[in-house]
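Here's the structure, in structure tokens; my notes come after.
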């Protein structure tokens, strides 16, 4: 039985990001790219990493996109047995909250990651 969590736990180690980047499944959208790696052994490691590069814009614009993504993620019950990396594309800077939310829902549904509550 898969457990779900509501609290947002972030990935902090570079090794976790690299693991997901090289071995994870990918779902690309116009605004974001979502990568996910499901562990074979269920653990309490389910974490999210958000990457917003300088291509998106200056620090104010990057932080706005990051805050919007975090807010959207908090509305999902994510599986505890997976690592997720969300990469914001430059087009995300001009997107509204609703557009980002719909894109996240699309990418998560393709990867069977979580349910919105």
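Return the pairs, sorted by first residue and then second, in which the second residue is part of a loop (DSSP other than H, G, I, E, B) and surrounded by 17 or more Cβ atoms within 10 Å (Cβ to Cβ), the first residue lies in the stretch 93-108 and is touching a residue at least 60 places away in the same chain (Cβ under 8 Å), the beta carbons are less than 8 Å apart, and the residues are 6+ apart or on different chains.
95/31; 99/31; 100/31; 103/29; 103/31; 103/95; 106/29; 107/29
Whether any residue in the stretch 79-98 is in a helix (DSSP H, G or I), exposed (fewer than 14 other Cβ atoms within 10 Å of the Cβ) and either on the phi > 0 side of the Ramachandran plot or in contact with a helix residue (DSSP H, G or I) (Cβ under 6 Å, 6 or more places away or on another chain) (or both) is what I want to check.
Checking the stretch 79-98: at least one residue is in a helix (DSSP H, G or I), exposed (fewer than 14 other Cβ atoms within 10 Å of the Cβ) and either on the phi > 0 side of the Ramachandran plot or in contact with a helix residue (DSSP H, G or I) (Cβ under 6 Å, 6 or more places away or on another chain) (or both).
Does residue 110 satisfy the criteria of being touching a strand residue (DSSP E or B) at 6+ places or on another chain (Cβ under 6 Å), assigned to a helix (DSSP H, G or I) and either surrounded by 14 or more Cβ atoms within 10 Å (Cβ to Cβ) or on the phi < 0 side of the Ramachandran plot (or both)?
yes
Residue check, residue 62 against (1) within 11 Å of the chain's Cα centre (by Cα); (2) surrounded by 15 or more Cβ atoms within 10 Å (Cβ to Cβ); (3) in a helix (DSSP H, G or I), all met but one. Which one?
With respect to (1) within 11 Å of the chain's Cα centre (by Cα); (2) surrounded by 15 or more Cβ atoms within 10 Å (Cβ to Cβ); (3) in a helix (DSSP H, G or I), residue 62 is out only on (1).
I'd like to know if the stretch 80-89 contains one or more residues that are over 10 Å from the mean Cα position of the chain (by Cα) and modelled with pLDDT of 95 or more.
Yes: the stretch 80-89 contains one or more residues that are over 10 Å from the mean Cα position of the chain (by Cα) and modelled with pLDDT of 95 or more.
Can you find, within the stretch 16-56, the residue that is modelled with the lowest pLDDT among those that are over 23 Å from residue 68 (Cβ atoms) and surrounded by 13 or more Cβ atoms within 10 Å (Cβ to Cβ)?
45
Among the numbered conditions (1) under 12 Å from the mean Cα position of the chain (by Cα); (2) more than 16 Å from residue 30 (Cβ to Cβ); (3) modelled with pLDDT of 95 or more, tell me where residue 70 comes up short.
(3)
The values are calculated or read from the model by the stated rules, or taken from the named source; none is laboratory data. Predicted model only: the values in this text are computed from it and were never measured. Glycine also receives a Cβ, built like all others from the backbone with ideal geometry; neighbour counts cover every protein chain displayed.
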